[in-house]
Structures are given as C-alpha cells and as structure tokens.
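Novice: Mind looking over this structure? Questions follow.
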Amino acid sequence: MPRIYLDYNATTPLDPSVLEEVTNILKNYPGNPSSVYEEGRAARILIEDSREYVKSFLDAGNSGEIIFTSSGSESINLGIIGATYAYMQNNKKKNPHIITSRVEHHAVLNTFKFLESAGVETTYVGVNEFGGLLLDDLKSAIKENTILISIMGANNETGTIFPLKQIFEEVKKIKGDIIFHSDLVQVIGKSYFSLKDVPLDLCSFSGHKFYALKGCGALYIKKGVDIDPIIHGGHQERGLRAGTENIGGIVSIAKGLNVLKNNMHEELDRINNLGSIFLDKLFYGIEGIKLNGHPVNRLKNTINISFDGVKSETLLFNLDLYGVSASAGSACNAGAVSLSHVLKAHGYDAKRIESAIRFSIGRFTTEGDIDYAVSAIKKGVLKLRAGN
Ligand SMILES: Cc1ncc(COP(=O)(O)O)c(C=O)c1O
C-alpha cells in the first residue's frame, strides 16, 4: 500500500539537494564558528554566507538583520518578548500594550499569554466567518501605549492569507512607531514575500516548512529595532541568541531557500494547480462537505474540510490505515482534545470543527497521490457515515 503524505503544513520532507549539502557540511566542517583557528573560521564563513543568502532572499537591507534560531517558535518568542522587554527596560514607568489575532499559532498566542503574566496588556483581534482579519477592530484597538503588533502572513490550519501589506500600512498610518512582527512560517516556501513590498520590523520563519532541517529558524530584525535577548550566554548572533550555532541547520535554511528560488514560479504554479484539482475532486466526489477558511484568499496547497456526520479523529485513523497522512487542526495540537481555536474564531459550530481535517500538499505530491487520497477519503467518509 502506498503512503500518501498530505501534511506539508506540519512539516516538509528534506529536499535531496539540501540533504546532500548538509551531509557534506557535517562531515567536513567540524569547527566551532567562534574559534579563531582555521576550522572555526571555515565554519564562520558558512554561517555568514548563509546569512547573506537569507538576506537577499527576503530583500533585507543588511545580513546583520538576520538572526538564526532553533525554530520558528524561538524566533517568534525572541521577536515578541525581545521587543517588549527592550521597551520595558527603556520605559520603566510605562505599561506596554501589544496586539495579535485570535487565529495565530500557539507560538504567538502562548508568548502573548506569557507576557500577560509579566503585566503586559494584550488585545486579541477576531476574524470573520472566512477567517479574514477584522481590520477595523485592529485599528481601533491601537492605543497610545501600543508598542507591538503581531499578525501572521498565512494561517497554518486553513491557509487563509492575511493582506499583510494593507494591514501593515494601515497600522503604521495610525502609529508609526509600533513594531510590526509577522509570523511568516507558512508563507516562506508557499507564497512570494519580499521586505521591499512589506517592510516589516520583525518576521519569523522556520526551515522545516521549506524542505530544510527541523529545529532551525530565523528572525529578521530591521536595523534600529531594539531587541533584548531571551537566551543568555555567549555573544553569538550579535549577542541576541547565545549558544553555539547549528551549522547544519543554518546551511540547510540557505540551501532550502536556494532550491525554492531556483524553481519558485514552476513549483508554486504546479502546487496551486494541484490544490485546485484536489479541492474540485473532493467537492465533486463527496457530498456534505464544507471548505473551512477563505474560499479565495488562501494558500492553495492547504485544504481544510469539514465532513458532515464524521469525527475527524476517526476519519484520520481510517485514512492512516489506507496510507494517507493528514491532520486535524495543527500538528502541534495533535493529541489535544480541545476544539481548534482557529476554527472557533471563525464562529463555526462544534460539529463543523470536530469534523475538520487539514490536507496540505507540497513539492513531492503528484496527481496520482491526489486521486488515491480522494478515493481513500471517500471510502472512509462513506464507511463512517454508514456507522461502520
Ligand atoms: C504558523 C506557524 N507558526 C509557527 C510555527 C512553529 O514553528 P516551529 O515548528 O519551527 O517551531 C508553526 C509550525 O507549525 C506554524 O505553522
């Protein structure tokens, strides 16, 4: 029986050329990049070349604006906590206020919760039934003490894309000194992004979402934005992230972006087209299903569907038996019984949320995989609806 992997939003398999590059680096570059002798210098060059590559991929102004971290989550923590703490250090009497959306990944939401416990004021802005951000609510939430706003580029569960450029510009028009952070973990690798279009102050991304290694990420910090470190120790990464660098991970990020860039138009066209075929075949083949999230402004690789009369865990279990891997909500929530906070924020009822499954396709998905998956899904849904 084949295995059909339809969970690219949870993680992507390693690209073969990334694997080749990383294997070479791990074999041939044993030095600590902080050491001053030859092995150390060689490792340092690899890191700085990778930083330069990431800078040019994002159209950043300077490679010093890129800080490598251990994950997307760490980048998000560093950006949000680091900026808030730096403000609190410099403005001891003022209580900062920070804003995000209700549909962010837990890496953002739990960082906000953590800051709440340190006395920071927070606001969570909602979305409409299609997952579109309530921009007027965001604008009216901005206050004199608002110092930071974090809004994701695309949602990991539904694929809904937020109009970041418009949101960024409207926020800056109201209060130019607000630090604007964006979680771009689902954007980089699935959509076009340039800091020239949206000159964010901070943004976070993660290697394992674009065919690089797991356990590595990066934070872009625009020159002039004040950040305190959250991991203390040595002076690595401009003193903002102590710890000997994960050279393999860092190189994999640059190589992963390089592979992506070399074939970006073709790859995105192919995946978007395949995503539309997948959606059409599901709607044509199975009755009683609903698309969750935005019908148009969405990453086409992501298809979040509710199946009437079916519980998502049971369907996922059956799909796994048929060889199909997908997930309910985000993978980071797997095992949790609580309803998806993202779908709840859309105002969906419990039945719709309990029956929602996210399928996400990517570089190695074929049309044959889609055909196999659609017939497995249909078989599973009909079986469960028949009470078997
Ligand atoms: C939107 C989003 N943000 C943040 C993260 C966390 O990234 P990482 O797994 O690298 O910590 C994820 C991972 O699924 C994500 O989808």
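None of the figures in this text is laboratory data; all of them are computed from the coordinates on show. Keep in mind that this is a model prediction, so the values were computed, not measured. A quick note on method: Cβ atoms are made from the backbone with ideal geometry, for glycine too, and the neighbour counts reach across all protein chains shown.
Novice: Of the residues Asn304, Asn32, Asn156, which exhibits the maximal mean-square fluctuation in a Gaussian network model of the chain defined by a 10 Å Cα contact cut-off?
Specialist: Of the options given, Asn32 has the highest mean-square fluctuation.
Novice: Go through the range 280-374 and name the chymotrypsin sites (Phe, Trp or Tyr not before Pro) that are in a DSSP coil and have 15 or fewer other Cβ atoms within 10 Å of their Cβ.
Specialist: Phe364
Novice: At a 10 Å Cβ-Cβ cut-off, how would you order Glu20, Glu74, Glu121, fewest neighbours first?
Specialist: Glu20, Glu121, Glu74
Novice: Return, for the Cα atoms of the range 9-83, the radius of gyration and Dmax in Å, separated by a comma.
Specialist: Spelled out, the Cα radius of gyration and Dmax of the range 9-83 are 14.6, 41 Å.
Novice: Also, quick follow-up: Which residues' amide hydrogens lie under 5 Å from the amide hydrogen of Leu299, considering only partners 5 or more residues apart or on another chain, with H built in the peptide plane?
Specialist: Thr160, Ile161
Novice: Moving on. Exceeding 27 Å between C-alpha atoms, which entries from my cross-link table qualify? They are Lys175/Lys222; Lys222/Lys344; Lys27/Lys214; Lys113/Lys190.
Specialist: Too far apart for the 27 Å limit: Lys222/Lys344; Lys113/Lys190.
Novice: Excluding same-chain residues fewer than 8 positions from Lys383, which lysines have a Cα within less than 18 Å of its Cα?
Specialist: Reachable lysines: Lys311.
Novice: Order these peptides, 286-293, 22-29, 208-215, by their mean beta-carbon neighbour count within 10 angstrom, highest first.
Specialist: Going from most to least packed, we get 208-215, 286-293, 22-29.
Novice: Moving to a separate point now. What are the ³J(HN,Hα) couplings of the range 107-115, residue after residue, when phi is run through the Karplus curve with 6.51, -1.76, 1.60 and θ = phi - 60°? Round to Hz, x for glycine and proline.
Specialist: 4, 7, 4, 6, 5, 4, 4, 4, 5
Novice: Turning to a different aspect of this structure: Where a Cα-Cα gap under 12 Å defines reach, which aspartates and glutamates qualify for Lys165, not counting those fewer than 8 residues away within the same chain?
Specialist: Output for Lys165: Asp197.
Novice: Counting other beta carbons within 10 Å of each residue's own, what order do Asp371, Asp201, Asp183 fall into, fewest first?
Specialist: Ascending number of Cβ neighbours within 10 Å: Asp371, Asp201, Asp183.
Novice: How would Leu382, Leu138, Leu339, Leu202 line up from fewest to most surrounding beta-carbon atoms within 10 angstrom?
Specialist: Leu382, Leu339, Leu138, Leu202
Novice: Moving on to the next point. Does the chain classify as rounded, prolate or oblate by the C-alpha gyration tensor (a ≥ b ≥ c root eigenvalues; a/c under 1.5 gives rounded; else a/b over b/c gives prolate, otherwise oblate)?
Specialist: Oblate, since a/c reaches 1.5 and b/c is not below a/b.
Novice: Same structure again: Rounded to the nearest 5, what % of DSSP beta bridges with both residues in the range 16-262 are antiparallel?
Specialist: 40
Novice: Return the sequence-ordered ³J(HN,Hα) values of the range 223-240 in whole Hz as given by the Karplus equation 6.51 cos²θ - 1.76 cosθ + 1.60 applied to θ = phi - 60°, using x for Gly and Pro.
Specialist: 3, x, 7, 8, 10, 8, x, 10, 10, 10, x, x, 9, 4, 6, 6, x, 9
Novice: Turning to a different aspect of this structure: Given the -39500 (n - 2.57) contribution per DSSP H run of 4+ residues, what per-residue ellipticity at 222 nm results for the chain, rounded to the nearest 500 deg cm²/dmol?
Specialist: Using -39500 (n - 2.57) per qualifying helix, the result is -13500 deg cm²/dmol.
Novice: Which order, highest average first, do 373-379, 93-99 follow once you tally other Cβ atoms within 10 Å for each residue and take the mean per peptide?
Specialist: Peptide ranking by packing, descending: 373-379, 93-99.
Novice: Hey, another quick one. Let me make sure I get this right: for the range 183-228, a, b and c are the square roots of the gyration tensor eigenvalues over alpha carbons, sorted descending. Under 1.5 in a/c it's rounded, otherwise prolate if a/b > b/c, else oblate. Which is it?
Specialist: Oblate shape, in that a/c is at least 1.5 and b/c is the bigger or equal ratio.
Novice: Hey, what did the chain get for relative contact order, percent, Cα under 8 Å, at least 6 apart?
Specialist: 24
Novice: Then there is this: From the Cα gyration tensor of the range 145-297, with a ≥ b ≥ c the square roots of its eigenvalues, which class applies: rounded if a/c is under 1.5, or else prolate if a/b is larger than b/c, or else oblate?
Specialist: Oblate, because a/c is 1.5 or more while a/b does not exceed b/c.
Novice: Now a separate question. Run the numbers for Ala118 and Asn28: contour at 0.36 nm per residue of separation, minus the present Cα-Cα distance, in nm.
Specialist: Gain on extension, Ala118 to Asn28, equals 27.9 nm.
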